[in-house]
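Participant: Could you have a look at this structure, given as structure tokens, before my questions?
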Amino acid sequence: MSSNLLTPRRVTRQIRVGSVAVGGDAPISVQSMTTTKTGDVEGTLQQIYALAAAGADIVRCTCNDAAAAEGLAQIVPRSPVPLVADIHFHVEMALAALEAGVQGLRLNPGNLRKPSEIKLVAREAKDRGVPIRIGVNAGSLHPEVYERFGGATPEALVESALQELNYFREVDFEDVKISVKASSVATMIAAYRLASETFDYPLHLGVTEAGPLPGGLIKGT
């Protein structure tokens, strides 16, 4: 394909997830997620190595309980790629994941809502040089945002990301990437286009709840 037919790539800020540069002029990186309980150290590592062999540059693991946090502490030094801890509801899990040495965090603004807790995590991440993905999800929007926009619209997804970003800025934390995922491909595309116009941070692209083959493959591509 002629390069003249390609849309010019938008220049964003650049962050680093461990050894992997994201955004700016860096190559587009591929991330996937494990499906194991992270407390299952050997099973999780097996999936991480399989994902890395398939081309994943970064792998995300859930950190939803003490066993997962303890597992991460063992998994991180043995992983062939940088690891991102997926955090929902509990600020303690974000802090434990940072202590375990993960190279990135994903926070969901829809279920980790207290500004004081969000800023606490941002401060700790800043001290450790760890980036955070603001991971907005259409299925778990903050109720106030959902009601104000009349649903999980593209504008609601971007507004949720902006609210979280403003909490980060209050503590001078800018090591950020953003995702605004939806299970509807049309909503997801519209949300990312709006996010691209709104932010100069790198965007993490994805469809949430894509589902199994073949539908999941079609949505994801």
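Participant: Of Arg148, Arg133, Arg123, Arg128, which residue is without any contact (Cβ under 8 Å) to a residue 12 or more places away in the chain and on the phi < 0 side of the Ramachandran plot?
Facilitator: Arg148
Participant: Kindly check whether there is at least one residue in region 134-154 that is within 23 Å of Val11 (Cα to Cα) and among the aromatic types (Phe, Trp, Tyr).
Facilitator: The answer is no, given that none of the residues of region 134-154 is within 23 Å of Val11 (Cα to Cα) and among the aromatic types (Phe, Trp, Tyr).
Participant: Quick one: in region 82-97, of everything that is buried (at least 20 other Cβ atoms within 10 Å of the Cβ) and of a type in the set (A, V, I, L, M), which residue is nearest to Asn137 (Cα to Cα)?
Facilitator: Ile87
Participant: I'd like to verify a number: residues in region 23-36 that are in a strand (DSSP E or B) and without any contact (Cβ under 8 Å) to a residue 60 or more places away in the chain, how many?
Facilitator: So the count comes out to 2.
Participant: Just to be sure before I move on: is Leu162 more than 19 Å from Tyr201 (Cα to Cα) and either touching a residue at least 24 places away in the same chain (Cβ under 8 Å) or in contact with a Leu (Cβ under 8 Å, 6 or more places away or on another chain) (or both) in the structure I sent?
Facilitator: Numbers: more than 19 Å from Tyr201 (Cα to Cα): no; either touching a residue at least 24 places away in the same chain (Cβ under 8 Å) or in contact with a Leu (Cβ under 8 Å, 6 or more places away or on another chain) (or both): yes.
No, not satisfied.
Participant: Determine which member of the set Val91, Val130, Val102, Val136 is among the β-branched types (Val, Ile, Thr), under 25 Å from Met33 (Cβ atoms) and more than 14 Å from the chain's Cα centre (by Cα).
Facilitator: Of Val91, Val130, Val102, Val136, the one residue that is among the β-branched types (Val, Ile, Thr), under 25 Å from Met33 (Cβ atoms) and more than 14 Å from the chain's Cα centre (by Cα) is Val91.
Participant: Okay, moving on. With the requirement that a residue be part of a helix (DSSP H, G or I) and at pLDDT below 95, what does region 190-221 give you?
Facilitator: Gly215, Gly216, Leu217, Ile218, Lys219, Gly220
Participant: Please go through region 124-159 and give me each residue that is part of a loop (DSSP other than H, G, I, E, B) and either at pLDDT 95 or above or touching a Leu at 6+ places or on another chain (Cβ under 9 Å) (or both), ordered by number. Working first, answer last.
Facilitator: Step one: of region 124-159, the residues part of a loop (DSSP other than H, G, I, E, B) are 129-131, 141-142, 150-153.
Residues satisfying the conditions are Gly129, Val130, Pro131, Leu141, Gly150, Gly151, Ala152, Thr153.
Participant: Does Ala122 satisfy the criteria of being within 15 Å of the chain's Cα centre (by Cα) and surrounded by 15 or more Cβ atoms within 10 Å (Cβ to Cβ)?
Facilitator: In short, yes.
The values are calculated or read from the model by the stated rules, or taken from the named source; none is laboratory data. Please read these numbers as outputs of a predicted model, since none were measured by experiment. Every residue, glycine as well, gets a Cβ built from its backbone with ideal geometry; the counts of neighbours run over all protein chains shown.
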